Structures are given as structure tokens and as C-alpha cells.
Number of protein chains: 4
Amino acid sequence: MISVGIIGGSGYTGKKLIQFCNIHKEISSYKVYGSKTAGETVHSLFPDFVGITKNIAIESVDNIDLDLDVYFIALPHGEALKYVPKLVGNGKKVIDLGGDYRLDFEELYIDWYKFTHTSSYLLKSKLYGLADIVPQEKYNNVNLIANPGCYPTATLLSLLPFITNFAEDILTVSTVAYSGTSGAGKSAKSEYLLTEMAGNARAYNVNKHRHQPEILQALYKQGFHSPFSFTTHLLPAAVGIYATSSVHLKEKADINKITDAYQAVYENSKFVRLREVPPQLSWVTGTNFCDINISVEGSTLIITSAIDNLIKGAAGQAIQNMNKLYGWDEGLGLITKEVESVSVCQ
Amino acid sequence: MISVGIIGGSGYTGKKLIQFCNIHKEISSYKVYGSKTAGETVHSLFPDFVGITKNIAIESVDNIDLDLDVYFIALPHGEALKYVPKLVGNGKKVIDLGGDYRLDFEELYIDWYKFTHTSSYLLKSKLYGLADIVPQEKYNNVNLIANPGCYPTATLLSLLPFITNFAEDILTVSTVAYSGTSGAGKSAKSEYLLTEMAGNARAYNVNKHRHQPEILQALYKQGFHSPFSFTTHLLPAAVGIYATSSVHLKEKADINKITDAYQAVYENSKFVRLREVPPQLSWVTGTNFCDINISVEGSTLIITSAIDNLIKGAAGQAIQNMNKLYGWDEGLGLITKEVESVSVCQ
Amino acid sequence: MISVGIIGGSGYTGKKLIQFCNIHKEISSYKVYGSKTAGETVHSLFPDFVGITKNIAIESVDNIDLDLDVYFIALPHGEALKYVPKLVGNGKKVIDLGGDYRLDFEELYIDWYKFTHTSSYLLKSKLYGLADIVPQEKYNNVNLIANPGCYPTATLLSLLPFITNFAEDILTVSTVAYSGTSGAGKSAKSEYLLTEMAGNARAYNVNKHRHQPEILQALYKQGFHSPFSFTTHLLPAAVGIYATSSVHLKEKADINKITDAYQAVYENSKFVRLREVPPQLSWVTGTNFCDINISVEGSTLIITSAIDNLIKGAAGQAIQNMNKLYGWDEGLGLITKEVESVSVCQ
Amino acid sequence: MISVGIIGGSGYTGKKLIQFCNIHKEISSYKVYGSKTAGETVHSLFPDFVGITKNIAIESVDNIDLDLDVYFIALPHGEALKYVPKLVGNGKKVIDLGGDYRLDFEELYIDWYKFTHTSSYLLKSKLYGLADIVPQEKYNNVNLIANPGCYPTATLLSLLPFITNFAEDILTVSTVAYSGTSGAGKSAKSEYLLTEMAGNARAYNVNKHRHQPEILQALYKQGFHSPFSFTTHLLPAAVGIYATSSVHLKEKADINKITDAYQAVYENSKFVRLREVPPQLSWVTGTNFCDINISVEGSTLIITSAIDNLIKGAAGQAIQNMNKLYGWDEGLGLITKEVESVSVCQ
């Protein structure tokens, strides 16, 4: 059993991490670190956790203990840089849920994140933890995992099996994704008020979303070299991402070959469910699943996928990455079938 | 370990029962019975259960096996009458989640439910299973449990500690409750379409709701004899009940005595959380909790309570009743603290 | 035709005022004043007004022109005090949509609003403009109208006809009201994010809401002297108030007399619609209507009412008050029947 | 002034037609025809119209008067075939809001609508009434207008100015559109219950939506011959369509030329608003506007557009078409600026 530190425990992602760590059978203890919330307790921050989780104090990020085994970092972009080098330098396992180590090249950080990377030597050694795709053996001797972004998780899990096998056949790929407002975090901005967002929808950060280079980086590694666009939207819902990728091919698609390619990747997958109809977002919210459907018509492929942005797109995948890091069942603490132990329900 | 039958497994309540039974450590097997849905499977009915629950067939209500230990009945009002006498007669344990056995007097069924009761002899022997109030010893030798209605659960848990101790001091009690649309079930009616209900709210069944005699019956047993009103509303949300009881007293209230009365009832409660501020509905949705706040000003008491109508108000309380029927930990299969086993999360 | 000043034009209420003033046939011109938003334009603040309203500049509240005819004030509580005395002193007509002049006694401001009133001499001369109840002749020679609060509008319109006629018969009155989140204004607070409020509901300011003394003041004037409680809640919707008043009587109610009392008050009303069933909130959102239903059972009266909090509960009633102040048709600029002029649409 | 018949007045679109006809200055009278709802009245069907519209009786579609001037048809697909030939044959003006006459070729009806067209001779003579694009002179001597579908309206208004000018430069176009649930109509299906759709989203009719041939037909006429895909989704909202078109070009786009092309088409448009940022759906709901934004990055064009599906995508555009048919101001009854007549409010 291990001990865990959750750095940045007061946001929506941190909350989910606390919930998952609280019931994980291989975690003997966990600490939670915050900045503004230091001095509060888990129950004062999250009253719904009374009777569910332990009520430990939120400790200060200025005094992070160095004697824990694994550290989850759930901080705004640019903040993880302050902690990761020291933790990794002390031989700790670190799973960063932000974007500070996802990209491979430091130049990209200046362009997309508007900061100069101060520990770029870690960009190459980190593992990009797309947990349902990365094989178990890649986790050996890894100290730093960059947990994928929410949109990249939904997009890459649904595109990679195709790209890997059919990159040469592609004319263009256009991904349109919608996210619930929890993706914008817990800090208050008028534009995310229920008064503004109920019954509303809108595109944002068009051609400028930081998740775009993250997605492209993964696609390029699989030989993709076609035009790609990625457009993000807000959904009038709290939780979830729905991604629709329109793929135009040079020739008529062979549905059987395509299906085989997805089956080959996911047939033993615990968390990716291939669907015969487009998934409903409600099928995955509250879970670590990613549901995917492929619809083919002539030379057009419409691939839809759905995830919970806070679980599969953040805290759930982070736990899954921890499980793989230690060689445990990757579903530990995330799901239970039949008469076993832990359920993630709605 | 026991075997379980879920009769009426295709509605919202039946779905929750399947989910809870699937992970319950003391349930070795369960069967699901439906009428129109017989022949389908759990996964075809509930695609989100793929990878979460077993995919058993829905069997016909016309062929209910008599060799199981406990039967949950989640049928429309009047339907349980067809099955309960036979099951009880065969020595089975039955937990009815409908209203067919909740009232003590058969006359009330004609007035409120518009049917003539055909097994009224069971009305006296049944246990009204308000699980967070009924003491463990009352479950001995019980064969039939009438699982309380959703509104009565929210209302009675929040009122009974007061009524029991201060019935004589009361001038009037007025309960106003709002429910999510899942309370209206899964059958399609235009009035419950998202198009109609988004941004909407309305009172319904004013002075005519079947849960009113159920609540009064329980209040009267505690010596209540003051004017009472109960008004139900629809909330533009899928899940949850929020009940607000305005209690006018003959004299100035003594907050300390009142608080003591609630503490005495709930201090060791696993699922009732007394709150210092009015609860948020979101604190309890997805859980078996009932959160309660008491606010006193002069001779006025405002008591607010919140539950998940499908869990604490139906399937969750039914599981809790089963746990108490067998003398197990009442939280089994419903909650886990720290490094134990089962989590009920949002 | 008149000229109008809108002081505080950047919030939800100010926005509605601009919309109504823009189409009002008796308003020749209007100016909008803001503090932080001074320098912006109506179209930059409200992009949805492009092509609908004029795009005038937001001027500074520090330089309010004194040559306009009527001033609407839509500022946070306590702010109107800065402007009203000077405007009234200059012989202007002022309609204050905030609470600064609603109460009759300055002592109440210290208790409920936590400020010392600096122009209490106006509290007596102001007209409390509950427009659907106050007769036309009361508007003669009025300079200052305190526009009623949103909750008081919904509550008083539904209670006053009863209280006025049957005060002696009442045991207790308990009003429970739910409001959309727009009632909390446009300033950003985490608790009103869609992420927090979707699927949520909660009571707030229990026994402490500033609208309580405002309601009681009006009830007392009609001879009411029974116990009263008033409990406010948030609804997971942007717009609207739904108020449910549970009235317990000393004896069995006479439904005919009660109905007659309401008919007498509202039979020629343009904006109050008496309903045979409880109103739906969606029937009134986007309009200046108040829909009311009275349900009687024995000695219990359940009165439900619904309004749009930003229109009937604020800007719409303010326009109606202006219309009455000038002796115009009270529906001018608010509604059109058949082939006339202004539409009330969704 | 003219007389109008609304055939199919009980659905969401019919309701909007009644509302618009009720205030239209050039409509002297209107009748409403229904099938199941014949015998009811406008107020019994739509209680929110009390005090807003006249309360005329719903007459039977079996007895449609032939002495009116214009007929709006808001019936399910395939139903208009029963009425249009006779009405047109009698020299009446007909505006069909369904799909029965939108496509130019009868073969397409068999493929996409699954019926054999019985008045295909009208397919050529009808005007496809994309009102913000079709020039006024095309309305001369027109008897039958096929009112465009909701998705085609949002898609074509945003794509046509580009396609018309730059068809040769296009590699692929992929449109992803989300609609509120009102698009599915008022008939009750479980899948559109608030309980199912709150917090939900999903793609549907992938590669099979009837609006696809309608869109392509219009694009082809402008010289478009590149791969196109069109994917429809449900939004957890009642009203509105948000369409996002990802256009990949053969070479780097020239933003100035593109902007000029849109300006040329829409600079005098009453209802199309070109936006510098992606529109919000809430900017257009309740109005007849279509808001459009074009974002260019390299050789990628992201075009977003938003409409109210029931107004601009149905009843509003139908009124606009009527206005153009008679040579009136196309905004008559739909919008008012400054001190004129009709307001479009939220």
C-alpha cells in the first residue's frame, strides 16, 4: 500500500481525486494540499463528503511533505512547474493533471501556454499517459506522467485506432467537441453562471485551444499528416465531453477493416466501450468509460465519443495511470463488476 | 448470501435496484422480471451498464421463480397486489417499493389510490420501512416491508424527531416539496419533455397527492393533531426531492431542545446528516443520504431536507431495509468510508 | 412623449429596461448610465441587442443629466440613496427598482439592509408601486415610486385579495418561494455557476430575506396579524419565481367567496391571470404576467403564483408604473393583443 | 390586409405561427386547423396565450376554408401532400414548413423520406424560401414556398456566401450541428424526457438526416462538388441550433476576401448578423436572427452559426417569406427598432 499527496485539492478535479483516493484499496493514506484553501478541511470545502470521506485538513502547498509515494497535481497551467522538478528529483512518482508536461517541445509552451518552460528536460522523459492506449510495459521506471487533457482523451481514444492504421487514406479530419461547464473550473466568471449558460451553447477558443497541439502531437506520431481542425464548444450541462470527428477519406471506406482496427485495440479494454450507435453523454458521466461509435457512409467516417471530463478526462484516468504505474488492475478503485468491491455510479 | 428477485426492473427505480444488487456483497445472484421488457437484457435496456453489471435476461413477470430469498417490487401502483400475497404466502421476504401496502387502512386505498385492496390482511402485518427511524428490532420476523414513498421519506425524516417530542406545541405544519422529473417515471408524456420542463416549475396534484395520507398516518402515530398541508411541485431537474416544512408554534421555540431531539434520533445515523445550513440538493443526489437543516426564528421553524428520490426515496432505502431485515450493516452496498469497499458517488 | 434615464443599465434588470424603453411609443429618447461600464455601448454590453435596440453609449453615473423626465434606478441596495434625493429635489419622476425606499420605517433598514437611511423623509411620500393592485388615482402627484421586489410581487399579488377580505379567518400563512438564478444578478460567484446549480436546488437566507419585512408591511396594512413565514430557494433555472403559500384557516373555507374576492380585484386586470390549475412557470417567463391559482381543501388554502422575476418582478412592473404615472394604458410597451403593436414572445 | 390559415396549429411551430400572425399588421384574420386538436381552442391548447392572442377555435383539417389568402402548413412530413395541390390549384399562396416540397427531385423523397411523391409537378415551380438569401424579385408570381428546414437554414446561411465565391478552393466541408429538443416536436417519447436529456447530449441520424440532401442541393447549385458531411446532435436545451462547419481549403485562406464575400451578401440584411466572435446560442433564441462568425487559421475555416430553430428555422422565416411574397418590409411582425411597433424579446 502507498501514500498519496493531492496537490491542488480544492477544484473539481481535486475533489474527484479525493473521492477516488478515499476508497482505493492500495492507498493507505493521502494528504491534500491547497493554497487559498489551506487551513480548511475536506468537509468544509466539500460538505457532500461528510460521511463519505475522511475529514482531513487541507495543508499548505508551501509545505509539501516529501515522504509520500505518489503525487497528483491538479493545479492551473504553469503551476505544476514549481513542484514537479523537486518531487521527481526526490525520486517520487508524479502524475500531473495539468498541461505543463504534456507537450514534447518547450517551444510549444511559449506559443500555446504563453510561458517559458523551466524544466523542459522532463518533457522527453515523461510518459503521456493516455491510459487506455499506452501498453502496460511503457509504465516501467516512469517517474512523471502527464495525464492527458480532457478533450485530447475523448478525441485521441476515438481517432488513434483509425489514424494508426489508415493515415494514408485520409483527406481531412475535423473534430468538433462540446464540453460541460465544469471544464472551465470552479472560479467564478459571469459567462459560466447558470443564468448565462442555461439553454445556451457557444464555440470558444476557435483555432486557439491548447489541447490542439496536444492532439496533433499524438496524431503525428502515428503518421498523420493531413489537414486537421479542432473546435471546442460549451454545452449547457455541468459535466462531460462529446467529440464528433468528421473524417473524409480519399476512397470509399471499408467498414469491416475499420471495425477490426478498433476491436484490435479495445477488445480487452476495461474502459473503452465500442458502440453500435452514437453514445449518449449520460452513459458515461459519473464513470471512467469512454464510449465510441464509428459510422461509415461512402468515403465519410463520423466518429463520436463521449467521456466524463472530470473522471476519464482527468481524475479517473489519473487513478488508472497510478494503477498501471504500480502494475495493479487498472480498474482498481474505479469500477466493480458483480460481487467485487467498488462501484462508480451516477 | 442470498438470492434476489427484482420485479419491475425496467423503470428508473428498477435500474437503481439492479445497480445496487450487482455490487452487494451478500447477494449471490439476482433475477430481473419485466412485463413489456421480458426478452430483453439488462444491457439492451440500460446501455450504460455494459462493463458495470452482468448482462442477464429480463424474465417475464408471468413466470416469477419462487425459490429466491428476497423480492423487490418496483411496479406501478396496484400491480404489486398481484404478486405479494403469493410471495409472502410462500414464506418469501418482500420489499414493495410502490404504495400498495404503505397505508394501514384499506378504505384509504379507495379514496387515494382508486382501487379496492385485495390483500388488506397484509396491511397490518407489514412493516413501514422508514429505515433511518425504524429500530433494528422491529425487523425481526418481518416478511413484508412497505418501502416509503419518496416525498414521505424526505418529509418524515425531517419532521418526525420534532413531532415526536413537541406535537403539543404545534400550531400548523405546511410542507412544500419539489421533485425532479424522474419521479414521474420513464413513460413518455409531453408534459415531462425537456422542451416543456427546462426552465419550468409547477405545482401538481395539489391537495390530492397520494403521499399525503402516508405522511399523515406516520405523523398521527406520534401524536400530531394539528392542521397540515402538503404541496408537491416539479423541479426542472432529473433527480432529487427538496422538502421545506414551515412549522408555526404556539410559543417561542427553544432551539437547544429541538436540536437535542434531532441529535438524539440521528447521532449514530449512517445516512441522515444534520446540517448547520440548508442543504443543497446536489449534496445528496447519487447517494442514500438525507440532509436536514432546522432554522428557528421566534415561534417559526423552517425545516429543509433533501434526498435523491430514486435512491434514498426508493431503491437505496429498499437495500437498506434488506440489510436491516438480515441484520447486516445497514450501509452494506450503499456507502463506503475510507479503505473499505463500495462507494456511492455522484 | 418623454425622455428617460436608466441608471444602472448593465445588469439583468437594466438590460430589460433598455429593451422595454427602446420600443415604448411614449419614450422619445433614453440614456443609460453605468459605473464600471461607462464608456462601453449598449451593443458591446449586450451583443444580442444588435439590430434590435439603438447602440447608444453607456454614460457615467457621475454625470447624470438632470433634464430628463423619468429615471429608472437599477442599482445594488444602498446605491440609489446617492441619486434619488437630488433627482426628486429637481422635480424629476423616479422609479427605484431596488429596495432603498420600499420599507416605510428607517429603523427597518438598519435591521434588514444593514445601512442607515440618509433620505428617510422620502419613505413616507413614496408610492409602493405594486402596479396590479394600486389604483390609478394613487399615482397622482407621485414623484418617487418604490418598485416592489420580485418575491413580494409574486407573494403579494397572490395573497392580498385574500388577506384584505379574510384576515380574521387566518390561522397561519407559510410562503415558500423558488427563484431562478438571475435573481442573484450578473456578478460572478461560484455558487451560481451552471456547474454548481444545474440539477441543484437549495433554500437560502432562511428567516433573513430582505423581502420578508416588505411583504409583511403590505400584509399588516390589510389587517393581517397571524403568524407568517417566508422561505426563499434557488431553482436550477435562469428566470422566474414560483411562490406557494399555504394558508391554514380557523374554519372550513368557502371557495366561492374566496374566488369572488380574487375576481373582484383582478377581473379587469391586464397582467394578472387567475388560473383553474396551478400555473406553470413557463407560462409567464418572458412576460409581465402574474398567474395565480387557488386550491381549497377543507380549511386549507394553497395559493400558487408565478412571475418572471426580471419583468413582472422588476423592469416590466417598472414600465407599468411609469405608464400609470403618466396615465397611459398600463400595458403600453409591455403587451399587444391582436393587430396592435407590441408582442410578448418567449 | 390578408387572411391566413394555419394548418397544423398545435405543435411548437404552429404555436409560434399563431403568435406571429396575431400581431402582424397586415393580417386581418387567421384561422387555425388541427386534426386531433380540432374542437379545442387556442387558449386551451396554449394557456400562456391567455391575454396575448385571440382565443379562436381550432377547426378541423377536414374542413379547410378555401377563401383565405395564405396558408401556412406545419404538419409532419408527408401530410402536406394532402392539402397543397388543392390549395395551389385554387390559386392560393402556400408556405409549407415541412419537407414535402423542399427537394427538387421526386426520387429523393423515396430515398430520404420513404414516401412516393404525389404532386411532384410542384417541386420545380416551388420557391425554396431561404429568405435572407433569395432576392425579392424571385418571389414574384410564386404560389408555393418550401420553407427551409431548421438545420439547412443555419447551415446554408453560414456556408453559401463562401461556397458561391470559393467553391473551387475547397478540399472538404464538415458540418456538425446541435439542436434543442423542441426540434423533435411535442409528441411524447421517452428519449426526450427531461429525465433523459438533462445533462445529456448525443449524435443521431448520423449520415441519414433528411436535411442533408436539402443542404447539398443548395450547395451544388452554387458549384460545390467537394466531400461534405453533416452530423446532427441533441443539446440539453429546449430551443436553438448551433452549427459548426469546418472547411479545409486547398491553400491558405484570404480572410479579407472571405469577409468581403459575406459582407456583400449580408450588409443590408435585417436578420443575419456577422459576428467578430463565435455567437452564443442565447443571442438568437426568441428571435428571427441568424448570427454567423468566420474564424480563419491557415487553410482552415471554422464557420459557426446560431438560430432559433422554431423561429428563424421555421415560423419566423415563414412569416418573413410571406412578407417578401407580398412585397412588405421583410421584418414586419418579426422585429422592431426604436420607437416603432413590435418587439422581439427573450
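So is C:ALA237 small (Gly, Ala, Ser) and in contact with a helix residue (DSSP H, G or I) (Cβ under 6 Å, 6 or more places away or on another chain) or not? Judged against the criteria, C:ALA237 is not a match. Does D:THR116 count as among the hydroxyl-bearing types (Ser, Thr, Tyr), over 28 Å from B:ALA184 (Cα atoms), away from chain A (no Cβ under 12 Å) and touching a helix residue (DSSP H, G or I) at 6+ places or on another chain (Cβ under 8 Å)? Yes, satisfied.
Taking segment C:9-31 as the range and being buried (at least 24 other Cβ atoms within 10 Å of the Cβ), at pLDDT 95 or above and of a type in the set (Gly, Ala, Ser) as the test, only C:GLY14 passes.
Restricting to segment A:262-288, name every residue that is more than 17 Å from the chain's Cα centre (by Cα) and more than 8 Å from every other protein chain (Cβ to nearest Cβ).
Scanning segment A:262-288 gives A:TYR262, A:GLN263, A:ALA264, A:VAL265, A:TYR266, A:GLU267, A:ASN268, A:LEU274, A:GLU276, A:VAL277.
The condition of being more than 29 Å from A:LEU249 (Cβ to Cβ), among the basic types (Lys, Arg) and either open to solvent by 10 Å² or more (accessible area, probe 1.4 Å) or modelled with pLDDT under 95 (or both) holds for only one of D:LYS221, D:LYS257, D:LYS252, D:LYS312, that being D:LYS257. Being in the same structural domain as D:GLU330 (by TED's automatic domain parsing), of a type in the set (A, V, I, L, M), open to solvent by less than 40 Å² (accessible area, probe 1.4 Å) and outside any helix (DSSP H, G or I) is true of D:LEU68.
Please pick out the residue among C:TYR33, C:TYR71, C:TYR109, C:TYR83 that is among the aromatic types (Phe, Trp, Tyr) and touching a His at 6+ places or on another chain (Cβ under 8 Å). Walk me through how you get there before you give the answer.
Details: C:TYR33 fails: touching a His at 6+ places or on another chain (Cβ under 8 Å); C:TYR71 fails: touching a His at 6+ places or on another chain (Cβ under 8 Å); C:TYR83 fails: touching a His at 6+ places or on another chain (Cβ under 8 Å).
Of the residues listed, the single one that is among the aromatic types (Phe, Trp, Tyr) and touching a His at 6+ places or on another chain (Cβ under 8 Å) is C:TYR109.
Restricting attention to strands (runs of 3 or more DSSP E) lying wholly within segment A:159-237, give those where 2 or more residues are of a type in the set (Ser, Thr, Tyr) and out of contact with any strand residue (DSSP E or B) (no Cβ under 7 Å at 6 or more places or on another chain). Filter on segment A:159-237 gives an empty set. Would it be correct to say that D:LEU87 is among the aliphatic types (A, V, I, L, M), out of contact with any Lys or Arg (no Cβ under 8 Å at 6 or more places or on another chain), outside any strand (DSSP E or B) and open to solvent by 20 Å² or more (accessible area, probe 1.4 Å)? Spelling it out, it is not the case that D:LEU87 is among the aliphatic types (A, V, I, L, M), out of contact with any Lys or Arg (no Cβ under 8 Å at 6 or more places or on another chain), outside any strand (DSSP E or B) and open to solvent by 20 Å² or more (accessible area, probe 1.4 Å). Of the residues screened, B:ASN55 is not one that is out of contact with any Pro (no Cβ under 9 Å at 6 or more places or on another chain) and open to solvent by less than 20 Å² (accessible area, probe 1.4 Å). So, in segment A:190-245, of the ones that are within 26 Å of D:ILE303 (Cβ to Cβ) and among the basic types (Lys, Arg), which residue ends up farthest from the other protein chains (Cβ to nearest Cβ)? Top of the filtered list is A:ARG210. Checked against (1) under 30 Å from C:ARG273 (Cα atoms); (2) within 24 Å of the chain's Cα centre (by Cα); (3) of a type in the set (Asp, Glu), D:GLU59 meets all criteria but (2). A single member of B:THR195, B:THR155, B:THR181 is of a type in the set (Val, Ile, Thr) and either at pLDDT below 95 or under 13 Å from B:LEU235 (Cα atoms) (or both), and it is B:THR181.
The requirement of being open to solvent by 10 Å² or more (accessible area, probe 1.4 Å), assigned by TED's automatic domain parsing to the domain that holds C:THR259, free of Cβ contacts under 8 Å to residues at least 40 places away in the same chain and not β-branched (Val, Ile, Thr) is fulfilled somewhere in segment C:292-302, by at least one residue. In segment D:20-35, is there at least one residue being within 12 Å of chain C (Cβ to nearest Cβ), part of a loop (DSSP other than H, G, I, E, B), in contact with a helix residue (DSSP H, G or I) (Cβ under 7 Å, 6 or more places away or on another chain) and under 22 Å from C:ARG273 (Cβ atoms)? Checked segment D:20-35: no residue is within 12 Å of chain C (Cβ to nearest Cβ), part of a loop (DSSP other than H, G, I, E, B), in contact with a helix residue (DSSP H, G or I) (Cβ under 7 Å, 6 or more places away or on another chain) and under 22 Å from C:ARG273 (Cβ atoms). Being in a strand (DSSP E or B) and within 19 Å of the chain's Cα centre (by Cα) holds for only one residue in B:GLY14, B:GLY5, and it is B:GLY5. Comparison of B:SER245, B:SER282, B:SER269 shows that the only residue that is open to solvent by less than 70 Å² (accessible area, probe 1.4 Å) and in a strand (DSSP E or B) is B:SER245.
With respect to A:ASP96, determine if the residue is acidic (Asp, Glu), open to solvent by less than 30 Å² (accessible area, probe 1.4 Å) and at pLDDT 95 or above. Write out each step before concluding.
Details: acidic (Asp, Glu): yes; open to solvent by less than 30 Å² (accessible area, probe 1.4 Å): yes; at pLDDT 95 or above: yes.
Yes; evaluated as a whole, the condition is true for this residue.
Within segment D:32-48, if we keep just the residues that are surrounded by fewer than 20 Cβ atoms within 10 Å (Cβ to Cβ) and of a type outside the set (A, V, I, L, M), the residue that is farthest from C:ILE307 (Cα to Cα) turns out to be D:SER35. From the list A:ASN140, A:ASN165, the lone residue that is closer than 23 Å to A:ASN268 by Cα, surrounded by fewer than 24 Cβ atoms within 10 Å (Cβ to Cβ), more than 18 Å from the chain's Cα centre (by Cα) and free of Cβ contacts under 8 Å to residues at least 60 places away in the same chain is A:ASN140.
With within 10 Å of another protein chain (Cβ to nearest Cβ), touching a residue at least 40 places away in the same chain (Cβ under 8 Å), at positive phi and under 20 Å from the mean Cα position of the chain (by Cα) as the only criterion, which of C:GLY180, C:GLY185 stands out?
Details: C:GLY180 fails: at positive phi.
On inspection, the qualifying residue turns out to be C:GLY185.
The set of residues from segment B:223-252 being free of Cβ contacts under 8 Å to residues at least 60 places away in the same chain and either among the acidic types (Asp, Glu) or over 26 Å from B:THR287 (Cβ atoms) (or both) comprises B:HIS225, B:SER226, B:PRO227, B:PHE228, B:SER229, B:LYS252.
The values are calculated or read from the model by the stated rules, or taken from the named source; none is laboratory data. Everything numeric here is computed off the predicted structure, so don't read it as measured data. Positions of Cβ are backbone-derived with ideal geometry, glycine not excepted, and every protein chain shown enters the neighbour counts. Side chains included, ligands, DNA and RNA excluded: accessible areas come from the protein's heavy atoms. Shrake-Rupley method; radii C 1.70, N 1.55, O 1.52, S 1.80 Å.
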